[in-house]
1. Could you tell me the calculated FRET efficiency between Leu47 and Arg136, based on Cβ-Cβ distance and R0 = 30 angstrom, to the nearest 0.05?
2. Please give the peptides 46-53, 128-135 ranked by average Cβ packing (other Cβ atoms within 10 Å per residue), highest first, as a rough proxy for protection.
3. How high is the relative contact order of the chain, in percent, counting Cα pairs under 8 Å that sit 6 or more residues apart?
4. Ignoring ligands and nucleic acids, what accessible area does Thr70 show with a 1.4 Å probe (Å², nearest 10)?
5. Would you list Lys24, Lys112, Lys83 from the most to the least accessible area, probe 1.4 Å?
6. Take the solvent-accessible surface of the protein heavy atoms, probe 1.4 Å, and return the percent of it on the chain that carbon and sulfur atoms account for.
7. How much accessible area per residue does the chain have, in Å², with a 1.4 Å probe?
8. With all protein chains present, calculate the accessible area of Arg39 using a 1.4 Å probe and round the result to the nearest 10 Å².
Amino acid sequence: MAAGSAPVFNLFIINKSGGLIYYKDFGSQSKLDTNESLRLASTWHGLHAIAMQLSPIPNGGGIDMLEAGTFDLHCFQTLTGTKFFIATEVGFSGAATLLAIIYDLYTDYVLKNPFYEVEMPIRCDLFDLHLPAAIRKDRSLLVAGVVVPGRT
């Protein structure tokens with residue numbers, strides 16, 4: 001990993017119906033166009049739903065992490081069904097902390113925005129501004145797997 005670069009390639013936020021409401025690229029080598037990001041988001045939603053149904057545990061949580069040869073996908077699902085998933089470098093151990101930070105930013109800057117309609121695409125300048133800054137700022141803590149004070 002290059003000095004100062006984040007171990008995160010992409011962020012996807014999917015509403016409870018499986019629609020992509022936010023996508024952000026953080027420097028992946030192959031940029032996704034709009035159709036590819038929509039296709040990936042809906043595929044992940046479908047795989048997550050199938051995993052929940054196949055789970056031997058009642059009300060199983062679906063897929064939390066998918067390991068691939070060149071990246072890992074980490075997922076966090078809220079109680080309302082909104083899913084946050086990030087593509088990271090292989091073996092990145094700070095994903096749970098990072099997803100908690102992203103969820104905090106989402107609740108602070110998107111859900112508290114009086115002009116935002118739930119389940120609709122996210123168009124919030126403050127969220128766009130603080131998201132990359134939080135990932136850069138907390139990079140060393142994320143790599144170490146340290147929980148950031150004041151964040152869940």
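The values are calculated or read from the model by the stated rules, or taken from the named source; none is laboratory data. None of the values given here were measured: they were computed from a predicted structure. In this analysis, Cβ positions are derived from the backbone assuming ideal geometry, glycine residues included, and neighbour counts consider all displayed protein chains. These area figures cover heavy atoms from the full protein model, side chains too; ligands, DNA and RNA do not enter into them. Shrake-Rupley method; radii C 1.70, N 1.55, O 1.52, S 1.80 Å.
1. After rounding to 0.05, the efficiency reads 0.50.
2. In decreasing order of mean packing, 46-53, 128-135 become 128-135, 46-53.
3. Computed over the chain, the figure is 24 percent.
4. Roll a 1.4 Å probe over it and Thr70 shows about 110 Å².
5. Lys112, Lys24, Lys83
6. 58
7. With the other protein chains kept in place, the chain gives 57 Å² per residue.
8. 140
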